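Okay, so here's the structure we're looking at.
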Amino acid sequence: SKLELGKLPDPVYDALGPEAAPKDFVASIADAQIDAIIKRINQAGGGVFAIVGERGSGKSTILERIRTKANDVLVVQCPFGGLDQLRRNVIQLAGEEKRSFDEVIADLDRRGRDAWLIIDDAHRLISPMMGGLKEFDEILDVAKRRSEHCAWVFAFDDILWRFVQRARGAKPLFDDVVFLEPWREEGIARLLTQRTVE
């Protein structure tokens, strides 16, 4: 018999896409890493950290899980529009539209309890070319000056992370770097089963 192919209905197609958040988190190797990341960052009371993983390794999902487990966390996705757009997004996310980026960041660092600012897709500030680290260097400089109490967490795709390492390897840029472990077969099977049910 001839196989009939057809377009998936839009809701089904959207539910299977990478942008669709799962209804429940799938148990995986990431569980222990999330707890370790939170524990490590909370120890310092502030600082600048990097989370590095392959494309599709679940960095954004891990950051969202961290947001739900930790107190006082802002998670901002780095836009394609560069550093100026990132600054505007941080101001908007903080609900401080009438204040400058520097004022919002200074306020985060002055809080009595530890605050977190997580920048997902931080590699969008990097271009693998001469001068391609200018915007990244600028935001990293701000992070280092304003991280006495506020923990800054930058999430990177591992390909562009290698470029950063080659270009800035002689300097310790971060207080700690966490490399996400690849998913194991059992976790992938659980994820596929759950997404199929959903």
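For a test of understanding, tell me how many lysine pairs in the chain have Cα atoms under 21 Å apart, given they are 8 or more places apart or on different chains. Step by step, the pairs that qualify in the chain add up to 9.
Rounded to the nearest 20 debye, the dipole magnitude of the chain is 240 debye, with +1 charges on Lys and Arg beta carbons, -1 on Asp and Glu beta carbons, and the Cα centre as origin. Cα extents for the chain along the principal axes, largest to smallest and rounded to whole angstrom: 67, 39, 37.
The residue among Leu117, Ile41, Val76 whose Cα reaches farthest toward the positive pole of the charge dipole of the chain, with charges on the beta-carbon of Lys, Arg, Asp and Glu, is Ile41. What residue among Pro182, Pro172, Pro128 shows peak mean-square fluctuation when the chain is described by a Gaussian network model with Cα springs under 10 Å? Ranking Pro182, Pro172, Pro128 by mean-square fluctuation puts Pro172 first. Over all Cα atoms in the range 132-198, the spread is summed up by Rg and Dmax: 17.1, 48 Å. What the chain shows is 60 Å² of accessible area per residue, with the surface traced by a 1.4 Å probe over protein heavy atoms.
Residues Leu63, Leu191, Leu3, Leu93, sorted by accessible area with the largest first, give Leu3, Leu93, Leu191, Leu63 [1.4 Å probe; ligands and nucleic acids excluded]. Each 10 Å bin, from zero up to the one with the longest distance, holds this percent of the alpha carbon pairs of the range 53-108: 22, 43, 31, 4. Counting pairwise Cα distances across the range 56-154, what percent come out greater than 16 angstrom? Considering the range 56-154, 57 percent of its Cα-Cα pairs are separated by more than 16 Å. Between Ala36, Ala143, Ala122, the GNM of the chain built on Cα springs shorter than 10 angstrom shows Ala36 fluctuating the most. Build a GNM of the chain with springs between Cα atoms under 10 Å apart, and of Val142, Val90, Val75 the one that fluctuates most is Val142. Within the accessible surface of the chain, defined with a 1.4 Å probe on protein heavy atoms only, the carbon and sulfur portion equals 52 percent.
The values are calculated or read from the model by the stated rules, or taken from the named source; none is laboratory data. This one's a predicted model, so the numbers in the text were calculated from it and none came from an experiment. Note: ideal-geometry Cβ built from the backbone for every residue, glycine included; neighbour counts use all protein chains shown. Note: accessible area is taken over every heavy atom of the protein model, side chains too, but ligands, DNA and RNA are not part of it. Shrake-Rupley method; radii C 1.70, N 1.55, O 1.52, S 1.80 Å.
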